[in-house]
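Notes to accompany the following structure.
The values are calculated or read from the model by the stated rules, or taken from the named source; none is laboratory data. What you see is a predicted model; the values in this text were computed from it and never measured. All Cβ positions, even for glycine, are placed from backbone atoms using ideal geometry, and neighbour counts span all protein chains on display.
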Amino acid sequence: MNGQPPAQRDLRVRIEAGAVLGVWVSKPTDSILELMDGSDADYLGIDCQHGYASEADLPRLLVRAFTTPRLVRVADSRHSSIGRALDAGADGIIVPMVDTVRQAEAIVRAVRYPPRGIRSYGPIAPYLSRDHTVLEIAPLVLAMIETAEGLHNLEEILAVDGIDGVYVGPADLGITLGDGPAQFPPTSIVREHMKRVAASAAEAGKFAGVHAGLGSFAQDYLSMGYRMITLGNEQSVVVQGMSAELRAAGREAAVTSAKAGY
């Protein structure tokens with residue numbers, strides 16, 4: 001797609017070819033993002049919903065072009081939140097708590113300019129195209145499915161033109177299904193619903209993503225058909241990396257329970 005930033009093109013190509021693996025960043029700083037950009041992750045997720053950053057921080061965090069695509073989970077579905085993230089340079093957005101077709105359609109309108117949408121023109125990042133027709137179709141747009149109502153309307157949400165795929169929040173999904181937030185790995189009840197999400201996305205010609213929490217859970221999600229898998233956040237990556245280095249140095253690993261956080 002002419003004019004589309006290399007990171008966005010690359011992520012779309014990789015998803016079409018198979019599965020992508022990423023890392024969540026809940027306490028983003030310039031230095032953490034730069035370190036993550038030097039990793040082999042296929043994408044970085046910046047969390048403005050449950051993380052420490054807000055959309056107001058994004059122009060600073062995204063001011064430089066990265067090799068690794070950066071997806072932003074916005075705080076909510078307001079068009080101002082979505083527009084600010086995209087103007088700052090996000091390669092894609094993940095929108096939480098999408099329950100209805102109406103919400104999904106409103107998200108797409110927030111991404112697109114008139115006459116197809118309501119987005120206000122104002123790209124900030126210097127590497128972004130200034131062509132509004134490129135800006136409105138370049139970023140990935142993912143709707144989070146994490147409630148019983150969202151599950152009920154799943155196929156209709158996936159059918160909305162401009163929604164590239166869906167992203168599952170296992171903790172909220174577990175709560176809404178009565179199984180609680182401890183879904184890393186998911187309980188059998190939640191797992192069955194998650195299998196349906198992946199199958200429905202594939203049937204619609206789109207894709208499903210998931211916050212797996214730990215790399216050890218990735219293979220199970222791959223077997224379900226998920227094509228975007230977040231392995232954990234910067235905290236879990238650092239803790240696991242330190243543990244691996246201590247084991248390599250000969251220290252016997254302490255017996256701890258694995259925790260997967262957002």
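Being at pLDDT 90 or above and closer than 26 Å to Ala204 by Cα is true for just one of Leu33, Leu44. Which residue is that?
Leu44 is the lone residue from the list that is at pLDDT 90 or above and closer than 26 Å to Ala204 by Cα.
Surrounded by 15 or more Cβ atoms within 10 Å (Cβ to Cβ), within 16 Å of Ser80 (Cβ to Cβ) and not acidic (Asp, Glu), is that true of Ala138?
no
Quickly run through the stretch 96-128 and pick out the residues that are part of a helix (DSSP H, G or I) and either on the phi > 0 side of the Ramachandran plot or of a type in the set (D, E, K, R) (or both).
Once the filter is applied, which keeps residues that are part of a helix (DSSP H, G or I) and either on the phi > 0 side of the Ramachandran plot or of a type in the set (D, E, K, R) (or both), the stretch 96-128 yields Arg102, Glu105, Arg109.
Of all the residues that make up the stretch 168-194, how many are crowded, with 20+ Cβ neighbours inside 10 Å and free of Cβ contacts under 8 Å to residues at least 40 places away in the same chain?
Within the stretch 168-194, residues that are crowded, with 20+ Cβ neighbours inside 10 Å and free of Cβ contacts under 8 Å to residues at least 40 places away in the same chain number 6.
Out of all the residues in the stretch 149-165, is one or more under 18 Å from the mean Cα position of the chain (by Cα), closer than 30 Å to Arg78 by Cβ and at pLDDT below 95?
no
Given the criterion in a strand (DSSP E or B) and buried (at least 19 other Cβ atoms within 10 Å of the Cβ), identify the matching residue among Ile46, Ile15, Ile82.
Criteria check complete, one pass: Ile46.
Kindly indicate the residue of the stretch 59-79 that is crowded, with 19+ Cβ neighbours inside 10 Å and hydroxyl-bearing (Ser, Thr, Tyr) and also farthest from Ala106 (Cα to Cα) among those meeting that condition.
Only one residue tops the list, namely Thr68.
I'd like the residue in the stretch 61-79 that is touching a Phe, Trp or Tyr at 6+ places or on another chain (Cβ under 6 Å) and outside any strand (DSSP E or B) and, out of all such residues, is farthest from Leu21 (Cα to Cα). It would help to see each step written out before you state the result.
So the first thing to find is which residues in the stretch 61-79 are touching a Phe, Trp or Tyr at 6+ places or on another chain (Cβ under 6 Å), and the list is 65, 69, 71.
Still in the list and also outside any strand (DSSP E or B): 65, 69.
Values: Ala65: 20, Pro69: 11 Å.
Only one residue fits best here, namely Ala65.
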